[in-house]
């Protein structure tokens with residue numbers, strides 16, 4: 001068996017070295033880019049909210065398996081993996097991306 005390829009679904013994969021389980025996991029994420037809400041011309045008054053980039057874990061496999069184990073992972077581990085991928089791709093704070101308004 002081999003890990004399914006979800007790239008055709010627009011998902012992105014990363015190999016996560018999971019110390020807690022002692023294995024590497026093939027983690028597939030849905031990526032949503034940041035969106036800056038519209039501003040009022042001239043004053044810069046914010047009319048719509050800003051939305052940060054998000055990486056949502058959708059599928060998790062052992063490298064030699066086609067069984068998706070994401071539904072059985074503890075919520076804390078899922079959050080740890082999502083934070084890890086954000087740090088991996090170098091996501092900064094909103095102020096770093098857009099500066100002062």
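Quick rundown of the values:
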{"item": "Inter-part distance where the range 45-63 and the range 11-29 are each reduced to a Cα centre, Å", "result": "18"}
{"item": "Order of 19, 50, 5 - criterion: other Cβ atoms within 10 Å of each residue's Cβ, fewest first", "result": "19, 5, 50"}
{"item": "Choice from 79, 32, 40 showing the highest fluctuation, given a GNM over the chain with Cα pairs closer than 10 Å", "result": "40"}
{"item": "Added length on full extension, which subtracts the Cα-Cα distance from 0.36 nm per residue, residue 48 to residue 78", "result": "7.8 nm"}
{"item": "Most mobile listed residue (70, 34, 13) in the chain, GNM with C-alpha springs under 10 Å", "result": "34"}
{"item": "Degrees separating the helix 75-88 axis from the principal Cα axis of the chain, which is the longest one", "result": "60"}
{"item": "Computed helical MRE - 222 nm, the chain, DSSP H runs ≥ 4 contributing -39500 (n - 2.57), nearest 500", "result": "-5500 deg cm²/dmol"}
{"item": "Contact order normalised by residue count of the chain, Cα under 8 Å, 6+ apart, percent", "result": "24"}
{"item": "Cα-Cα separations in the range 7-76 greater than 17 Å, expressed as whole percent", "result": "56"}
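Values in this text are rule-based calculations from the coordinates and carry no lab data. Remember, it's a predicted structure, so these values are computed and weren't measured experimentally. We place every Cβ from the backbone using ideal geometry, glycine too, and count neighbours over all the protein chains shown.
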